[in-house]
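Here's the structure, in structure tokens; my notes come after.
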Amino acid sequence: MRQLLLLRHAKSSWDDPDLPDHARPLNARGKRAAAVMAAVMQDLGLAPDIVLVSSARRTLQTLEAMTPLPDSPMIEPLDDLYLATWQRMLDILRTVPETARSVMLIGHNPGMHDLALSLAGAEAMERGGAPGTRRLAGGYPTAALAEFSVPSTWKGLEAGQARLVRFIAPNDLPEMAT
């Protein structure tokens, strides 16, 4: 069984309207949320072997705010993940080496939300079940994390083939309430 972690980048800053979208940094709340999510991952024992991250500044800063990650995963920044569709993200996941037990993908909406919904499948989303299923159905906030169990190979990963284990958004955590 493989594990897939889908993390949307943390909240970015819109303070400089002249900055291109790709260059927007995290704001203070985003940095705090990324650190909180790193602690949540550590508490849950989530340790990816590979991290695939969009080349955008805000996704790279999200990853930076979460480091060091346990077990020093291989980190691969990818231009193709910047504002990628869910289909493109799925194609990228299919190229992951089969030796990888756990993969984390850090990207953007709407592709991230669409990928999570697609992997879980419409039937699973209607049934509910996993903690956060209703929350995931309603949206994919910044710095939110979806954990999936993947029974297939990475190469054979298809829509509807993963099981949502949990979905956690920073705003649902007491650490972010202050």
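What follows is calculated from the coordinates using simple rules that are stated; it is not laboratory data. Not measured: the values here are computed from a predicted model. So basically every Cβ, Gly included, is an ideal-geometry build from the backbone, and we count neighbours across all protein chains shown.
Find the relative contact order for the stretch 37-119 and round it to a whole percent, using C-alpha pairs within less than 8 Å whose residues are 6+ positions apart. Across the stretch 37-119, relative contact order equals 37 percent.
Going by neighbour counts of Cβ atoms within 10 Å, the residues 140, 82 line up, fewest first, as 82, 140.
Sequence-distant contacts, meaning Cα pairs under 8 Å at least 6 residues apart, place the relative contact order of the stretch 2-176 at 30 percent.
Highest mobility in the GNM of the chain, judged by mean-square fluctuation with C-alpha springs under 10 Å and restricted to 106, 75, 50, is found for 75.
Exposed loop positions in the chain were taken to be GluC sites (Glu not before Pro) whose DSSP state is not H, G, I, E or B and which have at most 16 other beta-carbon atoms within 10 angstrom. Between these positions, the longest stretch is 1-97. The HN-Hα couplings worked out from phi for the stretch 139-146 by the Karplus form 6.51 cos²θ - 1.76 cosθ + 1.60 (θ = phi - 60°) are x, 10, x, 4, 6, 6, 10, 10 Hz, whole numbers, x standing for Gly and Pro. Springs join every pair of Cα atoms under 10 Å in this Gaussian network model of the chain, and among 38, 28, 84 the largest mean-square fluctuation is at 28.
In terms of other Cβ atoms within 10 Å, 58, 163 run from fewest to most in the order 163, 58. Over all Cα atoms in the stretch 2-176, the spread is summed up by Rg and Dmax: 15.0, 45 Å. Amide hydrogen proximity for residue 144: with H placed 1.01 Å from N in the peptide plane, the residues at 5 or more positions away or on another chain lying under 5 Å are 8. Under a Gaussian network description of the chain, with springs only between Cα atoms under 10 Å, the residue in 164, 44, 69 that fluctuates furthest is 44.
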